[in-house]
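Written out below as structure tokens is the structure these notes cover.
Nothing in this text is a laboratory measurement; each read-out follows from the coordinates by a stated rule. Every value quoted in this text rests on a predicted model; they were computed, and no experiment measured them. Note that we place each Cβ from the backbone using ideal geometry, even for glycine, and neighbour counts take in every protein chain shown.
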Amino acid sequence: MKFYQITDLHYYPARELKADGKEWIYRSTYDQKCIAESEAILDATIEMLLSDNEISIILITGDNVCDGERVGHLSLAKKLRKLTDAGKKVYIITGTHDLHPEPKGYSKEKGEYVVDGCSREELEKIYGDFGYNEAIAKHPETFSYVSQLDDNTRLLALNDDGIGWEDGFHGYFDDQLNWIKSQIDDCRKAGQKMIAITHHPLLAPSPIYEFYCKNQMLGDNEKIAKLFADNGIQFVFTGHTHMQNINYFDTKKGNRVYDINTASLIGYPSPIRKMELTDKELIIKTLHPQNIKYDFCSKSYLAYSRDHFDFMLKDIVDSAANDIDRFVEVAECFSLHKEQSEKIKLPIHILGKLLDTLTFKKAGIVLGCKSKIAPRMYKVKLADFIITLVRNIYSGQELYAPGTAEYDSFMAIYQRLAPIAHKIFKGSEIDDVIKGVLYDDGYPDNDAVLEVKEFIN
């Protein structure tokens, strides 16, 4: 069985909403994602999917529109019908952004203002033709469903945003969990295999994500991971984090579940997962939208989106050094909530000042570890290196293994600062976070071959 996954489309119909004015310029500039370009990116992606005559299954794993705009949902559904009209099967779930309580419009006259959103019931009607209406089983309260993908494979499509926007529990209520268990049992009795989609990550895509975004993981995630693995679900496809990652969890019985977490379609590097599932393996390839009809100022889209991403990071680093209150504001673009930022803004301000002025060589001299700094790292600014590390996390490219100049030089500096870090963050677990930012020794996060393991009952 072959299929695609895209996620976190965050589609904003700027033309239909006639987005304009200084507030719109600010929003589209100071956003991690390419909001103004989202329609062009989506249109190009749909054309790519249409051009593939071999694959007919597309999984879309939530945060379909920017912030719950009703016009956006209706417009997206219209675009997705191009796929179904061509014989493709689209299976969609929603995410927290799809039920945002205050969808935004922008104009010169009104500035930022609230536009119409959608209720869950309305979303069910808008997206019903993309999996739900033809499902073999449904959980109407959460818009979750089961679909038959082929003769041997079922899809468990799970909405985990029942509480709604951002704050609160993102997971499965007791009634939904009982329904999930019954659907898994039914699938096993039928002698079929099951894969799942849900919006929030089942497993942390990076140690740093689990460290400061624990509340944005799937609720009771370890319990759910054990449930899936010990009942034969080996592959779960997720979104939300905007990070490229492949992670796994092994149970005491020896069963394994993989979380294939995919980054946002409209944020660097705009991944499209192309996959093939056989009885022995899941083959994963990562593609990117091509032939996007938008003026990227003579740059390729990947270069343009990377520059957009780096601009945001540079703004955060600069704000940490020179305007800590602005840092608290802009850090939300990378899932660091204001309450969290307020708690750590003093040490962040101190760290920002250091990053803004020091090269690796100067830091080595100041901290007494210059001999451990690789010469080719001498002139690299710490601020620029931090930006590279964050970009690497989002693109699934944490490649600085122990023994490289980057890893050894950065860890030499960090080890001098570790006692302070342990006090600020109340524990030595920050050490593993720092190491994980530099290097991911698990599966490659973009192109990988994952083994289908024999199920242990």
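Taking Cα atoms, how many degrees apart are the long axis of helix 70-85 and the longest axis of the chain, rounded to 10 and kept between 0 and 90?
60 degrees
Determine, for VAL452, VAL437, the number of other Cβ atoms within 10 Å of each Cβ, and report the residues in order from fewest to most. Don't jump to the answer; show the numbers that get you there.
Values: VAL452 16, VAL437 20.
Result, fewest neighbours first: VAL452, VAL437.
What span do the alpha-carbon atoms of segment 359-446 cover on each of the three principal axes, reported in whole Å from largest to smallest?
Projected onto the principal axes, the Cα atoms of segment 359-446 cover 38, 33, 21 Å.
Cross-link candidates for LYS82: which aspartates and glutamates have Cα within less than 16 Å, leaving aside residues fewer than 8 places away along the same chain?
GLU39, ASP43, GLU47, ASP52, ASP129
Helix 174-189: angle to the longest alpha-carbon principal axis of the chain, degrees 0 to 90, nearest 10?
60 degrees
With runs of 4+ DSSP H residues as the only contributors, calculate the mean residue ellipticity of the chain at 222 nm using -39,500 (n - 2.57) per run, divided by the residue total and rounded to the nearest 500.
On the way: 14 runs with 177 residues, N = 457.
Mean residue ellipticity at 222 nm (helix-derived): -12000 deg cm²/dmol.
Once you compute Rg and the Kirkwood Rh from C-alpha atoms, what is the Rg to Rh ratio for the chain?
On the way: Rg = 22.3 Å, Rh = 23.0 Å.
Rounded to two decimals, Rg/Rh equals 0.97.
Cα extents of segment 35-119 along the three principal axes, largest first, in whole Å?
Dimensions of segment 35-119 along the principal axes of its Cα atoms: 47, 25, 17 Å.
Pairs of Cα atoms under 8 Å, at least six residues apart: use those to get the relative contact order of segment 3-136, whole percent. Could the numbers behind the result be given before it?
On the way: 225 pairs, mean separation 41.3, N = 134.
For segment 3-136, the relative contact order is 31 percent.
I'd like to compare 81-94, 291-304, 7-20: which one has the highest average count of other Cβ atoms within 10 Å, and what's the full order after that? Provide the component values of the computation, followed by the final result.
Working: 81-94: 18.2, 291-304: 13.8, 7-20: 21.1.
Peptide ranking by packing, descending: 7-20, 81-94, 291-304.
So what is the relative contact order for the chain, in percent, with contacts set as C-alpha pairs under 8 Å and at least six apart?
On the way: 897 pairs, mean separation 69.7, N = 457.
Once divided by the residue count of the chain, the mean separation gives 15 percent.
Could you check the simple spin-label distance between THR278 and LYS353, using points 7 Å along Cα→Cβ, in nm with one decimal?
For the pair THR278/LYS353, the computed spacing is 6.0 nm.
For the chain, find the longest principal axis of its Cα atoms and tell me its angle to the long axis of helix 382-395, 0 to 90°, nearest 10.
10 degrees
Binned at 5 Å from 0, what are the whole-percent values of the Cα-Cα distance distribution for segment 220-379, short to long?
Taking all Cα pairs of segment 220-379, the binned fractions are 2, 7, 11, 11, 11, 13, 14, 13, 10, 6, 1, 0 percent.
Which entries of LYS2/LYS193; LYS22/LYS125; LYS108/LYS345; LYS2/LYS223; LYS79/LYS280; LYS223/LYS345 have Cα-Cα distances beyond 25 Å here? If you can, show how the numbers build up before the last one.
Numbers: LYS2/LYS193 15 Å; LYS22/LYS125 35 Å; LYS108/LYS345 34 Å; LYS2/LYS223 29 Å; LYS79/LYS280 35 Å; LYS223/LYS345 34 Å.
With Cα atoms farther than 25 Å apart: LYS22/LYS125; LYS108/LYS345; LYS2/LYS223; LYS79/LYS280; LYS223/LYS345.
Report Rg(Cα)/(2.2 N^0.38 Å) for segment 302-438, keeping two decimals. Please list the in-between numbers first.
Numbers: Rg = 14.8 Å, N = 137, 2.2 N^0.38 = 14.3 Å.
The reported ratio for this selection is 1.04.
Kindly identify segment 77-231 as rounded, prolate or oblate by the Cα gyration tensor criterion: order the square roots of the eigenvalues as a ≥ b ≥ c, call it rounded if a/c is under 1.5, otherwise compare a/b with b/c, prolate if a/b is larger, else oblate. List each step's numbers first, then the result.
Numbers: a/c = 2.14, a/b = 1.28, b/c = 1.67.
Oblate shape, in that a/c is at least 1.5 and b/c is the bigger or equal ratio.
Let's test the formula: R0 of 41 Å, r as the Cβ-Cβ distance of ASP85 and SER107. What FRET efficiency results, to the nearest 0.05?
Efficiency, rounded to the nearest 0.05: 0.75.
Could you line up MET1, MET275 from fewest to most neighbouring Cβ atoms inside 10 Å? Write down the numbers at each step before the final one.
Details: MET1 16, MET275 23.
By the 10 Å Cβ count, ascending: MET1, MET275.
Between beta-carbons, use under 13 Å as the cut-off and find the net charge around THR359, counting Lys and Arg +1, Asp and Glu -1. Don't jump to the answer; show the numbers that get you there.
Values: positive: LYS361, LYS362, LYS370, ARG376, LYS379, LYS381; negative: ASP356, ASP384.
Local net charge: +4.
Please list, by residue number, every one of the GluC sites (Glu not before Pro) in segment 71-138 that is coil in DSSP and has at most 12 other beta-carbon atoms within 10 Å.
Details: sites: GLU109, GLU112, GLU121, GLU122, GLU124, GLU134; in loops: GLU109, GLU134.
Here the sparse-neighbourhood loop sites are GLU109.
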